[in-house]
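One structure is given here, and the rest of the page talks about it.
The values are calculated or read from the model by the stated rules, or taken from the named source; none is laboratory data. No experiment lies behind these values; they were computed from the predicted model shown. Reconstructed Cβ throughout: ideal geometry from the backbone, glycine too, with neighbour counts over all protein chains shown.
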Amino acid sequence: MEWTREQRYRRLEDITGKEYEDLMESVNSCIYRQKYHIQPKTGLLNDPNGFSYYNGEYHIFYQWFPIGPVHGIKYWYHMVSKDLVHWIDKGIGLSPDTEYESHGVFSGSGFVKDDLLYLFYTGNTRDKDWIRKPYQCLATMDKDGNINKYNKPLIIDSPEGYTDNFRDPNVFEQNGYYYCLIGAENTNNEGRIVYYRSKDLFDWQLMGEVNIPYKGGFMWECPDYFEIDDKGIIMFCSQGQEKSGNEYNNIFPSGYILTDKIDFSNPVVTSDIYNEFDRGFDFYAPQTMKDNKGRRILIGWLGLPGVECVTEKNNWAHCLTLPRELTIKNNRLYQRPISELDNIKCNPITISDTIKGNARFDGFEGDIYYLNCKFTDIIGDKVGIKLRVGDNEETLFYYDILNSELVFDRSNSGIQYAVEYGSVRKCSFNEKDLQLEIFMDSSSVEIFVNDGLEVFTSRIYAKKESCGIEFFAENSANIEATICDIRL
């Protein structure tokens with residue numbers, strides 16, 4: 001179904017109770033609803049927003065169009081958790097109900113100060129000629145969960161030299177100042193990160209652009225900056241980045257630059273290497289936060305803009321990834337599933353064996369599970385695993401030793417979608433052993449390789465009865481593996 005502009009900008013409060021009941025019924029009848037990922041109760045979810053640790057709880061909001069599986073007028077939907085695993089639905093956090101956000105409450109960040117959670121976001125507006133004017137706005141939330149919007153925008157329109165693609169404020173503090181990064185497109189159609197400075201979070205001064213030697217893409221959205229150990233990480237989604245071999249094969253990549261720490265009195269990035277966060281098919285717009293344990297946690301949108309979604313016929317689309325803890329080791333960024341996920345694993349089955357060719361083991365099957373396996377003493381050119389194996393279906397992941405590559409192949413994973421962007425993803429890999437942590441949900445898989453050195457995330461739409469697991473080694477390999485049920 002092709003949605004008209006009028007349909008896309010119809011508000012939740014404008015539909016009838018019967019219409020919403022029908023939406024819910026359609027969504028709840030979908031066999032691909034997730035069991036332990038954040039997903040919209042109806043409509044479309046996209047970017048995570050306002051990810052924060054505040055008042056003893058984790059808070060996350062997400063972009064939400066309530067009444068259909070398309071990008072329309074956006075709200076912020078609010079979820080709260082004590083452990084990043086069990087989430088409480090708090091309902092709508094921000095609605096597009098002022099003149100500065102007449103066409104959507106777009107993405108932004110959270111910042112904790114003076115017992116308040118400050119929520120910075122882009123207000124999207126359009127005039128009668130459909131010309132966009134962006135506003136950078138502020139709301140605050142108190143410890144009782146009351147959210148109040150500031151009575152005027154903090155930043156009005158795009159500065160001279162930039163298009164209306166000017167959005168996604170990300171706020172942090174450094175050396176007595178607050179800084180706000182904003183994703184931008186300049187009038188030469190080049191992606192940039194613009195930054196502002198403030199003493200009080202309300203009055204902001206334009207400082208210029210972050211000096212980034214990497215050049216690529218026409219728009220850099222969803223910026224973020226943080227530090228781990230002695231390194232700085234600046235991240236953004238480079239829309240329009242050209243494909244390069246195994247790199248940047250999705251419609252839009254999401255990546256980061258690992259640099260020396262950035263002094264924002266004169267922000268200079270010391271590397272031009274733009275690394276992808278995730279090597280899979282469905283990952284975008286990640287956001288990070290630092291929690292009370294000192295961990296840097298990342299969560300992303302398990303989806304992409306501009307790509308069809310199989311569940312559209314059931315009136316919903318997309319979900320969020322599992323949270324990941326970020327660390328740096330040997331000058332590489334590692335992403336590990338958070339330790340709290342151990343608390344929902346149960347009924348473990350463990351095997352240890354030498355495999356030659358294909359091998360299956362009793363108890364190793366399912367459509368929702370956690371699987372940890374390690375291949376050692378590998379002889380031959382390929383070793384790996386087949387997931388969700390059934391009648392003419394399988395999701396294939398393996399280490400191509402001859403070509404020093406990891407390969408993820410979903411060409412037989414079930415219902416195909418976004419095939420114009422390919423059905424295979426690869427990345428360079430040259431390690432002695434292969435260790436995998438796999439989180440399988442009803443319609444997604446997240447594969448963490450060698451303690452998070454690489455991650456592959458994807459939606460897959462296999463038949464429910466396609467639940468086989470098959471290990472393989474082209475010649476031989478030793479394997480140790482544990483599978484667990486997942487119970488919230």
For segment 118-175, which residues satisfy the criterion of being of a type outside the set (A, V, I, L, M, F, W, C), in contact with a His (Cβ under 9 Å, 6 or more places away or on another chain) and part of a strand (DSSP E or B)?
G123, N124, T125, R126, R132
Taking segment 182-203 and keeping only residues that are closer than 23 Å to S52 by Cα, without any contact (Cβ under 8 Å) to a residue 60 or more places away in the chain and over 23 Å from the mean Cα position of the chain (by Cα), one is left with Y196, S198, K199, D200, D203
Please find, among D362, D367, D353, the residue that is closer than 22 Å to V389 by Cα, assigned to a strand (DSSP E or B) and out of contact with any helix residue (DSSP H, G or I) (no Cβ under 8 Å at 6 or more places or on another chain).
D353
If the requirement is being closer than 25 Å to W76 by Cα, at pLDDT 95 or above, outside any strand (DSSP E or B) and of a type outside the set (V, I, T), which of these qualifies: L304, L298?
L304
Which one of the conditions (1) farther than 17 Å from E474 by Cβ; (2) in a loop (DSSP other than H, G, I, E, B); (3) polar (S, T, N, Q) does N372 fail to meet, given that it meets all the rest?
(2)
Does A359 satisfy the condition of being outside the structural domain of T482 (by TED's automatic domain parsing) and either under 20 Å from L434 (Cα atoms) or at pLDDT 95 or above (or both)?
no
Filtering segment 457-469 down to residues that are crowded, with 18+ Cβ neighbours inside 10 Å and in a strand (DSSP E or B), which residue is nearest to the chain's Cα centre (by Cα)?
T457
Kindly establish whether S244 is among the polar types (S, T, N, Q) and within 17 Å of the chain's Cα centre (by Cα).
no
Any chance you could count how many residues in segment 145-192 are of a type in the set (D, E) and within 22 Å of T98 (Cβ to Cβ)?
3
Are any of the residues in segment 418-430 more than 19 Å from F281 (Cα to Cα), surrounded by fewer than 21 Cβ atoms within 10 Å (Cβ to Cβ) and not basic (K, R)?
yes
Taking the criterion of being assigned to a strand (DSSP E or B) and within 29 Å of S109 (Cβ to Cβ), would at least one residue in segment 6-26 satisfy it?
no
Quick check on my filter: what residues within segment 377-432 are basic (K, R), closer than 27 Å to E365 by Cβ and not in a strand (DSSP E or B)?
R410
Looking only at segment 245-261, count how many residues are part of a loop (DSSP other than H, G, I, E, B) and crowded, with 21+ Cβ neighbours inside 10 Å.
2
Tally, over segment 122-150, of residues that are under 18 Å from S198 (Cα atoms) and either out of contact with any Leu (no Cβ under 7 Å at 6 or more places or on another chain) or without any contact (Cβ under 8 Å) to a residue 12 or more places away in the chain (or both):
2
If we take segment 191-236, then strands (runs of 3 or more DSSP E) inside it with 3 or more residues that are touching a His at 6+ places or on another chain (Cβ under 7 Å) and at positive phi are none
